Every structure is written in structure tokens, then in C-alpha cells.
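*Asks:* Dropping a structure here in C-alpha cells format, bear with me for questions.
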Amino acid sequence: MLWTRDTARAREIAARRENARYLPGVTIPNAVVVTDDLQRALEADALVVAAPAQGIRELRDRVGPLLRPSHRLCSATKGLTPDDSRRMSELWADAMPASRVAVLSGPNISREIAAGLPAPTVIASTDPDTARAFQALLGTPMFRAYTNGDVVGVELCGALKNIVALGAGAIDGMGYGVNAKAGFMTRGLAEIARYAFASGADPLTCAGLAGFGDLIATCTSAHSRNRMVGELLAKGTPLADITRRLGGQVAEGIGTTEAVHALAAQRGVDMPIATETYRVLFEGKPVRDAMRGLMERERGEELSGPLAEVSRLLRVSAEDARRAG
């Protein structure tokens, strides 16, 4: 069952067996029922939500009164609420037990998955049974699903990597080369780890598919909307024009940058990439000036904060294992 709130679009998709606006050229199997009737869609016990972050609160308020104890929900939305920086699983946990909520994230470029190309993903839940249920439901021979108990880390990696992808696209747009992009992505991952750790996540999650894997895919893919937005900004295209060019699709990195900017300062988390991205998007700072500001920052240790602690713990564990024979 595929639900859309737009009646005309539901009819068009059902007739053409294709979502021509968002995923043209991909055939929707005849077995999939397309509807704008929310109650009918909720006849299913397993729900997968892939709506943009800014619409989740309204959707939750519509869905919440219709939920049953048998429902499980998997959120595939990679973003935070712009007003209070809440994660999607937190919003859904207001309407149903958190143990019945899962999140899906990883290097998941939708067009490649729809084309049947191989891809991995991570399904995280506080309840292992819920994670395994969606792993069994969504996994295929070409879509390999792993489970993880770190919901906070998986969600934050999926959301924050979009901020880094904006900058990676800007580097492409300015022609700064592979060295600059690789360095930017690596420092971006460190920034994600600092914020995630301060939010209660396991920093090792950032080194997995939801962190490092998704960061690579989003910063390098020609299909990445966030990377494209950064590239166009660097080439001088106004943000309003870029938004129109997206044709109704959303680059979640824009809203996530706004959501994270203030909260990082409150938590005392050093996030220079997010700060400069915020200044470009919302204060009109030129992209080249922002990049120059990052390059001219005071030099420091590469491994610091949670990354240094992880490194220390791994060394201790290796030494303990060596001594134990």
C-alpha cells in the first residue's frame, strides 16, 4: 500500500504506475495499491514513513489517533525538526511506544535502490524485535539490512551528513579538487561524531554505514540533492532559485543546518562546518569566504573529544587482548 495525501497525484500514480514527479522512469508494481485514504493505508501493521522532516509533526498528529497496538513504524526521514531539533523517532514516540518505532538510514540513494542495484542499510530500534521485524520485511538479496540499537546515533548521522554534503557540493562547484573534498568530508565526520556523542550516541556508529557510509554516498552522488544545492550555491545561483529547481523535493540539509546551529552552541559542541554553512544559507555569506574561514582556523590535534576517547579505548582493548594471549 502506497499512501499520498494528494488525491490527484494518487490517481495519477495508480494510472501510470509511476511517480513521474519524484522518481520518473521507475515502474511501481501492479501489486502495490496507491491511495489517498489514510485509514485504508493504516490497515497494514507495518508502516514505513518517508515524508520530509518539516511535515512529520502534522502527519504524526493525523496518524496518531488511528494507530493500533499492532502497529510498528519505521522512519526513513533523514532530518530534524527546524524549530526544536527533535529527531523523527522522538516525534513518533509521542504517538506510540518507542519500542515499536525503528529508523532506517545508510548509503541509500533512492534511484539506485529502485533500479535494483545493491545497497546496504541500517535499521535501528531500542527494541531488537522491532529492528529485526523490519530487517526481515525490508531486506532483499540486493538490499542488505543490518540492525543497530543506537537510534540516536543512526538518526543524527543520517541528518547531519546532509550539512556536510552541502559543503562537499560547494567544493565541487568551486573546482577545489579531490584533496579538499576528502579532507572536508573527514572533518565533517568528526563534527558529526562530536554532536552525536554530546547527544548520547555511540561515536562508533559514525564509523559505520549510517555515518561514514552515508556520508560518502551523499557527498559524491550525482543524485544527491544536498550536494547539488551546495554546487549551485558555489556557482552563484540564489537559494530561492535552487529551491524552485528542486521541483517540490526537499534538501534536508538546509533545515537541519538551521536546527543544529543554535543547539550546538547551547551544548558547547564545536561545529565550524555547520556554523559556516548556516552563515552561507541564512546570513548571505559568500561560499568562498566561508571556505576560507574554515581553512584559516587555528590548527589543532586531528583526534580530539569523543574520537580521542574511542581511540584510547580501542588501544586499551587491544592491549588487554594481547596480554590475555
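*Asks:* Based on the Cα atoms of segment 67-184, what semi-axes does the equivalent ellipsoid have, where each is the square root of 5 times one gyration tensor eigenvalue, given in whole Å with the largest first?
*Replies:* Values: eigenvalues 172, 71, 23 Å².
Calculated on Cα positions only, the semi-axes equal 29, 19, 11 Å.
*Asks:* Okay, moving on. Which FRET efficiency value, to the nearest 0.05, do you get for TYR176 and THR140 by plugging their Cβ-Cβ distance into 1/(1 + (r/R0)^6) with R0 = 41 Å?
*Replies:* Values: r = 38 Å, r/R0 = 0.93.
Once rounded, the FRET efficiency stands at 0.60.
*Asks:* If each residue of separation counts as 0.36 nm, what is the full-extension length gain between ALA240 and VAL32 once their alpha-carbon separation is subtracted?
*Replies:* In short, 71.3 nm is gained.
*Asks:* Something else: Looking at ALA193, GLY268, SER224, which one has the Cα that reaches farthest to the positive end of the dipole of the chain (charges on Cβ: Lys, Arg +1; Asp, Glu -1)?
*Replies:* SER224
*Asks:* What is the calculated FRET efficiency for ARG16 to THR147, with r their C-beta to C-beta distance and R₀ = 56 Å, to the nearest 0.05?
*Replies:* That gives a FRET efficiency of 0.95.
*Asks:* Quote the charge dipole size of the chain about the Cα centre in Debye, to the nearest 20; the model charges only the Cβ of Lys and Arg (+1) and of Asp and Glu (-1). Show your work: numbers first, answer last.
*Replies:* Working: 39 positive and 37 negative charges, 126 e Å.
Using Cβ point charges on Lys, Arg, Asp and Glu, the chain gives about 600 debye.
*Asks:* Given +1 on the Cβ of Lys and Arg, -1 on the Cβ of Asp and Glu, and no further charges, what dipole in debye does segment 92-195 carry about its Cα centre, rounded to the nearest 20?
*Replies:* 240 debye
*Asks:* Net charge near VAL151, counting Lys/Arg +1 and Asp/Glu -1 over other residues with Cβ under 12 Å of its Cβ?
*Replies:* -4
*Asks:* Continuing with the same structure: In the neighborhood of ARG227, defined by Cβ-to-Cβ distances under 11 Å, what is the net charge if each Lys or Arg adds +1 and each Asp or Glu adds -1?
*Replies:* +1
*Asks:* Give me the percent of accessible area attributable to carbon and sulfur for the chain, probe 1.4 angstrom.
*Replies:* Result for the chain: 53 percent of the exposed heavy-atom area is carbon or sulfur.
*Asks:* For mean projected area of the Cα convex hull in nm², pick the label among (1) 18.5; (2) 29.8; (3) 21.5 that corresponds to the value derived from the coordinates.
*Replies:* Computing mean projected area of the Cα convex hull in nm² and matching it to (1) 18.5; (2) 29.8; (3) 21.5 gives (1).
*Asks:* Considering only C-alpha atoms, what is the centroid distance from segment 1-57 to segment 210-245, in Å?
*Replies:* 25 Å
*Asks:* Specify the inter-centroid distance of segment 169-198 and segment 90-150, based on alpha-carbon positions, in whole Å.
*Replies:* Here the answer is 26 Å between Cα centres.
*Asks:* Could I ask something else about it? For segment 180-245, with only Lys/Arg (+1) and Asp/Glu (-1) charged at the beta-carbon, what is the dipole magnitude about the Cα centre, in debye rounded to 20?
*Replies:* The dipole magnitude comes to about 260 debye.
*Asks:* Further question on the same structure: Figure the gain on full extension for LYS285 and ASP129 (residue separation times 0.36 nm, minus the Cα-Cα span) and round it to one decimal in nm.
*Replies:* 51.4 nm
*Asks:* For LEU156, LEU137, LEU233, LEU209, write out the residues from largest to smallest accessible area, computed with a 1.4 angstrom probe and no ligands counted.
*Replies:* Descending order: LEU137, LEU209, LEU233, LEU156.
*Asks:* Could you tell me the calculated FRET efficiency between ILE216 and ASP84, based on Cβ-Cβ distance and R0 = 22 angstrom, to the nearest 0.05?
*Replies:* 0.15
*Asks:* Rounded to the nearest 5, what % of DSSP beta bridges with both residues in the chain are antiparallel?
*Replies:* 25 percent
*Asks:* Would you mind classifying segment 1-50 by shape? Square roots of the alpha carbon gyration tensor eigenvalues, ordered a ≥ b ≥ c; an a/c under 1.5 is rounded, otherwise it is prolate if a/b is larger than b/c and oblate if not.
*Replies:* It is prolate, given that a/c is not under 1.5 and a/b is the larger ratio.
*Asks:* Determine one quarter of the surface area of the Cα convex hull of segment 153-287, which equals its mean projected area, and express it in nm² to one decimal.
*Replies:* 7.4 nm²
*Asks:* Using the structure shown, select from LYS161/LYS181; LYS161/LYS235; LYS78/LYS285; LYS161/LYS285 the pairs with a Cα to Cα distance greater than 19 angstrom.
*Replies:* Values: LYS161/LYS181 14 Å; LYS161/LYS235 22 Å; LYS78/LYS285 26 Å; LYS161/LYS285 21 Å.
Beyond 19 Å: LYS161/LYS235; LYS78/LYS285; LYS161/LYS285.
The values are calculated or read from the model by the stated rules, or taken from the named source; none is laboratory data. This is a predicted model, so every value here is computed, not measured. Heads up, the Cβs are rebuilt from the backbone with ideal geometry, glycines too, and the neighbour counts pull from every protein chain shown. In case anyone asks, the SASA skips ligands and DNA or RNA and just uses the protein heavy atoms, side chains included. Shrake-Rupley method; radii C 1.70, N 1.55, O 1.52, S 1.80 Å.
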